[in-house]
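Written below as structure tokens is the structure these notes are about.
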Number of protein chains: 2
Amino acid sequence: MTTTFKVDTRTALLEAGKDIMFEKGYTNTGIQEVLNKVGVPKGSFYHYFNSKEDFALKLIEYTDEVCGAKSRRALTDSDVSPTERLMNYCLEGKNALSESKCRKGCFIGNLSQEMSDQSETLRKALSAKMFKWKELFALCIKEGQKVGEVSKAWPADKMAELFFSGWEGALMRAKTIKSVEPLNDFIDLMFNHILKAT
Amino acid sequence: MTTTFKVDTRTALLEAGKDIMFEKGYTNTGIQEVLNKVGVPKGSFYHYFNSKEDFALKLIEYTDEVCGAKSRRALTDSDVSPTERLMNYCLEGKNALSESKCRKGCFIGNLSQEMSDQSETLRKALSAKMFKWKELFALCIKEGQKVGEVSKAWPADKMAELFFSGWEGALMRAKTIKSVEPLNDFIDLMFNHILKAT
């Protein structure tokens, strides 16, 4: 029973931290706010996490696992074609942004922008996560090229980089202008022009 | 003489604020740190700025004017062709990022990512600045289409959106992985594929 309680408190702290840090960023997130939301004393927090930075490190893992699950499933769904996988990833992201009224965006992207120059520990963790996502995009593109669905004019790695950075930039633009139009433009050009086999 | 002194103190505060906020973000920037750098008392700050948010608003104007000058010149240089203007904009941005060892990135982009969900005042100012930059990209693309240098397969506005968000995303990626490779990939695909007239 104790184990169950421990796991639950840790998860509750991560869940509360995710909600707060996703919208407010790292610096703006106070540990006290997280504690208040969960209703546990400070000691509980330091039982599970060494510091705020350590909490953020665990949050990078947690949000990637929890929030990234649907997106990862979309990108690895062998029931549909490689470009459909990429499209489903985009539609899933667009839906999430619409549901949050163009707030939040991408946890990894937000933290990267804010913390890459502030914490080498977080930067390395974010960079490693990004590497894995880029690999997933590249795999779909490579497979798409193999089956003749995706243009072979450019190496899959380069296209995956543009897919990734274009999507992250479009999320940032959408957050700022509070409209999904940048995502629509990205999807339109990416699938009907850049990736398209000629 | 008094006027000259007043202008100088204000500019000194903005210059110090730009350096600090560019690298550390809005929340991480303390007014005291700015004051210490300039060597003036708190009263001076509140003589020129109503609040930290007001200071950030003025910094958005100031950095856009000062840091954006070279980029704006590149995009409006009628001595070179429209695509050369866009290319010079990218090369200028890549040089700036290399010189800062892949730190900082884009002031407007950083603040947008951090503050779009936190301050409606800052979000609107950032959104308005972005609108102007997108207009400059769109103008080059439109002119490029007119002279047959840029593909007419897509409306200039859509291409300008992808140019903008792709570039901002590539800057964020470059900051995180501490390499200009995402910018190189963006430039390569943008100029040799997406914009290219066929």
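The values are calculated or read from the model by the stated rules, or taken from the named source; none is laboratory data. For clarity, every value in this text was computed on a predicted model and none was experimentally measured. Ideal geometry is used to build each Cβ from the backbone, glycine not excepted, and the neighbour counts take in all protein chains shown.
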TODO: Have a look at A:ALA197, A:ALA170 and point out the one that is crowded, with 24+ Cβ neighbours inside 10 Å and either touching a Pro at 6+ places or on another chain (Cβ under 6 Å) or modelled with pLDDT under 95 (or both).
DONE: A:ALA170
Task: Qualifying positions in segment A:178-188 - surrounded by fewer than 21 Cβ atoms within 10 Å (Cβ to Cβ) and either of a type in the set (A, V, I, L, M) or under 24 Å from B:LEU122 (Cβ atoms) (or both) - done: A:LYS178, A:SER179, A:VAL180, A:GLU181, A:ILE187
TODO: Name the residue, out of B:SER51, B:SER78, that is modelled with pLDDT of 95 or more and under 24 Å from B:ARG10 (Cα atoms).
DONE: B:SER51
Task: Members of segment B:146-198 that are more than 14 Å from A:LYS158 (Cα to Cα), assigned to a loop (DSSP other than H, G, I, E, B) and either not assigned by TED's automatic domain parsing to the domain that holds B:CYS106 or not acidic (Asp, Glu) (or both) - done: B:VAL147, B:GLY148, B:SER151, B:LYS152, B:ALA153, B:TRP154, B:PRO155, B:LYS178, B:SER179, B:LEU195, B:ALA197, B:THR198
Open item on the list: Please verify whether B:CYS140 is in contact with a helix residue (DSSP H, G or I) (Cβ under 6 Å, 6 or more places away or on another chain), in a loop (DSSP other than H, G, I, E, B), in contact (Cβ under 8 Å) with a residue 12 or more places away in the chain and more than 7 Å from chain A (Cβ to nearest Cβ), treating the condition exactly as stated.
Closed with: no
Task: Selection from segment B:154-181 of residues that are hydrophobic (A, V, I, L, M, F, W, C) and over 24 Å from B:SER78 (Cα atoms) - done: B:ALA170, B:LEU171, B:MET172, B:ALA174, B:ILE177, B:VAL180
TODO: Take segment A:41-90 and flag every residue that is of a type in the set (Phe, Trp, Tyr) and surrounded by 15 or more Cβ atoms within 10 Å (Cβ to Cβ).
DONE: A:PHE45, A:TYR48, A:PHE49, A:PHE55, A:TYR62, A:TYR89
TODO: Go through the residues of segment A:114-134 one by one and say whether even a single one is among the β-branched types (Val, Ile, Thr), part of a helix (DSSP H, G or I) and either surrounded by 16 or more Cβ atoms within 10 Å (Cβ to Cβ) or within 9 Å of chain B (Cβ to nearest Cβ) (or both).
DONE: no
Open item on the list: Being under 27 Å from B:GLY93 (Cα atoms), acidic (Asp, Glu) and within 14 Å of another protein chain (Cβ to nearest Cβ): is that true of B:GLU23 here?
Closed with: yes
Open item on the list: Can you tell me which residue is surrounded by the most Cβ atoms within 10 Å (Cβ to Cβ) among those in segment A:91-113 that are within 16 Å of A:MET21 (Cα to Cα) and basic (Lys, Arg)?
Closed with: A:LYS104
Task: Among residues of segment A:14-54, those that are within 17 Å of the chain's Cα centre (by Cα) and over 21 Å from B:GLN118 (Cα atoms), counted - done: 1
Open item on the list: So, in segment B:149-163, exactly how many residues are surrounded by 23 or more Cβ atoms within 10 Å (Cβ to Cβ) and at the interface with chain A (Cβ under 8 Å from one of its Cβ atoms)?
Closed with: 3
- [ ] Please enumerate the residues belonging to segment A:72-100 that are closer than 24 Å to A:ALA197 by Cα and of a type in the set (S, T, N, Q).
- [x] A:THR76, A:SER78, A:SER81, A:THR83, A:ASN88
Task: Counted residues, segment A:26-55 - those being within 24 Å of A:CYS102 (Cα to Cα) and more than 14 Å from chain B (Cβ to nearest Cβ) - done: 2
